[in-house]
Structures are given as C-alpha cells and as structure tokens.
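The values are calculated or read from the model by the stated rules, or taken from the named source; none is laboratory data. The shown structure was predicted, so the numbers you read here are calculated from the model rather than taken from an experiment. All Cβ positions, glycine included, derive from the backbone under ideal geometry; neighbour counts span all protein chains shown. Just the protein is used for accessible areas: all its heavy atoms, side chains included, with ligands, DNA and RNA removed. Shrake-Rupley method; radii C 1.70, N 1.55, O 1.52, S 1.80 Å.
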Amino acid sequence: MAKIIGVDKGGISYRLGIKSGDILLSFDGNPVKDILDYHYYDGMEEFVMTVSRGEQITDYEIEKDYDESLGLELDESMELTPIRCKNKCKFCFVDQLPKGMRESLYVKDDDYRLSFVSGNYITLTNVFKEELERIVRLHLSPLYVSVHTIDNNIKNQLVTNPEGSKTFEKLKFLTDNGIQVNTQIVMCPNENDGEVLLHTLEDLQSLRPMLKSVAVVPVGLTKHREGLYPLIPVDKEKARQTITLANDINKKYGIFVYPSDEFYIKAELPLPNYEDYGDFEQIENGVGLVRMFEYEVDCALNEVKKNKSKAKVSLITGESFGDFLKDYCGRIESKLKGLQTQVIKIKNEFFGETVTVAGLITAGDIIKQCKGKLYKNVIIPSTMLKEFTTTFLDGMSVKEVEKELGVKLHICRNGEHLVQIIAKL
C-alpha cells in the first residue's frame, strides 16, 4: 500500500474525491508494492482501484483513455530501493575492487525491477513464483538476465547459489508468457567455455524468438584477487575459438549470439559490420560499441560545415579502444584541415593491466601517465565518470584533474559528440 501525498486537480482521482493522506491499497485486487504498479495501471483503460481513508475502504471502477492519468503522487516508500544480490559469483567484479573506494561501488544489486527500468543484468536467483507472476502481470519486458551456463553443476560452482540451477526454468516461464529477454554469458576459460558454452547456446536458442539475444563477454579480472577463486583471462586463442563457436551457432539458427567487441580485439580479428548488430540490444555489454561509435563519427562529419581548424586536442582512452580512436581522429583531421589530435592510451595500473576498457580508468592513472604530455584541450569519455556526476572511480573530480594537469577536460558522450566538441574548438 502507498500513502497518497498529492492529487493533480486535472486528474481522474481528484474528480473521484481522492485526497492527500488517503492510502492506495491495490489495483484489481493486487497489492501496490512499488511505483511500477502505479505506472502500469496508470496506462491501463479499465481496472478497479482500491483506496482507504481511515477505516473506510472504497473500490473505484476506473474507465479512462490509456493516456489519461490518475494524477496521484505517492510517498517515497514507493520508490525502487535496489534488491541486493545473494550470490557469491566466482568472477564478481565487485569482489575484485581494492579497499578504500566509495561505498556505493561495493553495493551489488540483483533487482528484476531495475532490469526492466534501467537494463541492469539480473540472475533470477532471488526471483520466485510470486515475482515471476508479477513480472508477467505487469509485463515488465524486456528483462536482462545473466545466464553464464545451463549446466547446473558448473552454474552452482560459479554462482554459489543453488537457485542458479533454476535459471532456464524461470526463463522458459517468462518467455512462454510473453516476456522478452536479452541474456549474457560471462565466459571464464576452463569453466563455462567450449562444449559447455555450446550446449548453453543450444538450450537458449529454444527460447527464441522471445529470447532476443545472448552477449558473450570475457571475464574481467583485476589484480585485486587475493584469496578468490583462481580464474584465468581470455587469451587470443580462446577468443578466436569463442568467436568461431558463436559464428557456427548463428549460421545454424540465425544471428542471436554476439561476442563482445573485446573478444574480437583479443583475437586480433576484424569486428563485424555495423549492419550485423541488428538493433544493438547489447551495446551496454560492449557489443557493437566500436561500430556504433564509428557510425556516429561518420554521420556527424557529414554535418560539419567548416573545413579548417587550428585546434590541438588530446584524447584519453583505454588500451582496447586506442587504435580505433586514432583511426577516427584521422578521419576528423581529414575533414578539418589543420587540426592536430593526440590519442593517449592509459595502462590501467589501478586495477591491473588485464583491464583495458576506458570506463575503468582512474584519475590517478591519468595524472601519472599524462602530466606534461597533453594539449590544453583534452577529451575523455563520459564512461570514466560516475553516472550523472563529474567524479572518477578513485574519487577525484574533473576540476581536480584539470587543476593537476593544467588542462581543460571535455566530457564526450559518443562519436557524434566527439565531432561536435572538436569542431567547436
């Protein structure tokens, strides 16, 4: 149930006489658990809304247009407080963080609601019959689910939660009831690769078309693994084997398996074409990120009116994207005659050299490796910063880094934004 703290005078609820202080109990007899219940029924046309005032309970039979709002404001108890993860995954990145970082980085969520709202990956190990039925009733689709393997023995070893063995059963229930899912497999060499991966993909394809995609990503290992389960990184040969396996599956069933960009970089193989990524449903998993960035750069260059520039720009990125960024900067320089760009690839000393992505670069590593080497204008990707903030992973702010390096930092969101930033300098 939810306390009503505001009633829009232009909404249906106001006309029904509902007031602030009333309690919203249920919709169609289903208790109101959080804001998702309200938003779902606010978009429905016919339902029964039950409200209490003191000891009086009233059922309101609602008939409205789908875009006509109930006009209620609910108290903060209805906001989505993340459900915590109950697993002890052998490859969990949070467990590989060094001590002394900001507390929020150590929080593990495993919340089916945030999977729907924000695209967070979940394991379904804390989702049971009641939650599964609620997902179907509210049509929380699509969801993003970490599978890792369908082999129950290996799954229990990797996830350390017996409920993990029921993932496929839960996925089948969801897909059979109209819920679309995108899935991921964190591939750990000698654990869930090779034949185990093949069998997992064979099983997952049986859930199509409601299962939209499978992203295969290499396990991320930092240097802070003291006392943790021994895992080895994906090497060139393993990356090539995985890409070949994925290609064979896709030839057999149609494209639904997507190795992440990192696999192709490790394998030293060309990335698939832009068109091969479909709707880019797994881009947050690093699937198609390079091709999307390239596409955005090329489109933005077609819109640039000027053809000359006196700007000198340094660009900071991770080792895995560095060579691609140099290529794109060359295209920009060809358009803007006189432009000088400098791409600096940061070696990740904070997390370890096996971590090569830009999103895990710290301010400390940037300062250490770039001081005295940069042009006045410096571009960094927004993924280096905590979302909606100007703070790096190690707690330093953009302003602090600017002061330390004596530069102006420009925060770049994507390929289009990169061209726009440079064109204005």
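Considering only beta bridges that DSSP places wholly inside the chain, some 40 percent are antiparallel.
Computed over protein heavy atoms with a 1.4 Å probe, the carbon and sulfur contribution to the accessible area of segment 317-425 reaches 50%.
On the protein heavy atoms, probe 1.4 angstrom, tell me the percent of accessible surface of segment 72-173 carried by carbon and sulfur. Looking at segment 72-173 in its full context, I get 52 percent from C and S. Computed over the chain, the per-residue total of -39500 (n - 2.57) for DSSP H runs of n ≥ 4 gives a 222 nm mean residue ellipticity of -9500 deg cm²/dmol, rounded to 500. Applying 1/(1 + (r/R0)^6) with R0 = 22 Å to the Cβ-Cβ distance of S104 and E353 gives a FRET efficiency near 0.30. Here the contact order of the chain, divided by its residue count and restricted to Cα pairs under 8 Å and six or more residues apart, works out to 10 percent.
To the nearest Å, what is the center-to-center distance of segment 371-419 and segment 289-314, using C-alpha atoms only? About 19 Å separates the Cα centre of segment 371-419 from the one of segment 289-314.
The loop-placed GluC sites (Glu not before Pro) in segment 237-277, going by DSSP, that have at most 12 neighbouring Cβ atoms within 10 Å of their Cβ come out as E268.
Our Cα-only numbers for the chain put the radius of gyration and Dmax at 24.8, 76 Å. Between K251 and I23, the contour length at 0.36 nm per residue exceeds the Cα-Cα span by 76.5 nm. By the rule of a C-alpha distance below 25 Å, with chain neighbours fewer than 8 residues away ignored, the lysines paired with K308 are K326, K335, K337, K373, K376, K408, K424.
Give the distance, in whole Å, between the Cα centre of segment 138-215 and the Cα centre of segment 334-364. With segment 138-215 and segment 334-364 each reduced to a Cα centre, they are spaced 34 Å. Of the accessible area of segment 1-64, computed with a 1.4 Å probe over protein heavy atoms only, carbon and sulfur atoms account for 48 percent. Counting heavy atoms of the protein chains alone, R137 has an accessible area of about 70 Å² for a 1.4 Å probe. Can you bin segment 100-199 into rounded, prolate or oblate? Criterion: square roots of the alpha carbon gyration tensor eigenvalues sorted a ≥ b ≥ c, rounded for a/c under 1.5, prolate for a/b above b/c, oblate for the rest. Oblate shape, in that a/c is at least 1.5 and b/c is the bigger or equal ratio. Do any of K88/K403; K212/K312; K33/K212; K108/K238; K99/K172 go past 32 Å between their Cα atoms, and which? In this structure, K88/K403; K212/K312; K99/K172 lie more than 32 Å apart at Cα.
A straight chain from L80 to R137 at 0.36 nm per residue would run longer than the Cα-Cα distance by 18.7 nm.
Taken per residue, the accessible surface of the chain reaches 49 Å², heavy atoms only and a 1.4 Å probe.
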